[in-house]
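Taking it in order: structure first as structure tokens, then the write-up.
The values are calculated or read from the model by the stated rules, or taken from the named source; none is laboratory data. Being a predicted model, the structure only gives us computed values, none of them experimental. Positions of Cβ are generated from backbone atoms using ideal geometry, with glycine treated the same way; all protein chains shown enter the neighbour counts.
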Amino acid sequence: MSREPAAIAPSPALRPVVARVAALNFGCFFLEIAVALAIGSVALVMDSLDFLEDAAINLLIVTGLGWSARNRARLGTGLAILLILPAVAGAYAAYEKFSDFVPPSPVPLALTGLAAFAVNLACALMLARHRTGAGSLTRAAYLSARNDTVANLAVVAAGLTTVFVPSPWPDLAAAALIAVLNADSAVDILRAAAAERRAAA
């Protein structure tokens with residue numbers, strides 16, 4: 001994992017970028033959750049919750065950008081915890097899936113994943129230039145968008161695989177990957193928050 005100087009101040013240009021990313025994520029949550037519930041996809045449920053989570057993370061970041069390094073570190077720790085919540089929700093959705101073990105509709109699954117990928121790629125590109133500023137907060141925003149692009153490609157792959165192998169397992173595998181990515185990002189953000197705390201001490 002990479003390290004960045006924790007005491008770097010946030011760029012003034014970061015706030016409107018994060019606000020735009022929050023708005024995009026909030027809008028995409030409603031689209032994905034509607035499709036997820038309509039076709040019975042665990043991966044899309046998790047990905048839609050990722051969009052909602054990312055909207056919340058970025059709104060909190062907009063609020064916390066003007067805080068001291070110590071308080072930004074505290075908020076970064078909270079955001080790391082927030083990153084694991086979709087994994088918990090996904091685990092429950094997967095458990096429910098076993099009582100109705102049918103594959104999701106592959107074409108809507110793949111197309112929705114592709115649309116989500118385009119949105120998250122745009123968010124990641126907007127945030128990439130700021131990823132080494134403001135310590136754990138900017139790290140949280142960038143990692144959320146970056147990891148979601150990987151998760152979206154997994155959803156697309158699950159949809160395409162289900163076309164040829166009509167089984168719920170590709171969808172469940174994509175959901176598991178999303179959970180792993182979130183856990184890895186949470187650890188990275190906790191490390192950045194710890195560095196901020198040390199610098200502020």
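Brief remarks on what is shown
- Elements of type helices (runs of 4 or more DSSP H) in the stretch 1-83, at least 3 residues being surrounded by fewer than 20 Cβ atoms within 10 Å (Cβ to Cβ) and modelled with pLDDT under 85: 42-64, 69-83
- Of all residues in the stretch 119-141 being closer than 30 Å to residue 39 by Cα and buried (at least 24 other Cβ atoms within 10 Å of the Cβ), the one that is modelled with the lowest pLDDT: 141
- In the stretch 145-169, the residues that are buried (at least 24 other Cβ atoms within 10 Å of the Cβ) and touching a Gly at 6+ places or on another chain (Cβ under 8 Å): 152, 155, 158, 159
- Residue in the stretch 95-114 that is over 15 Å from residue 44 (Cβ atoms), surrounded by fewer than 18 Cβ atoms within 10 Å (Cβ to Cβ) and at pLDDT 85 or above present: no
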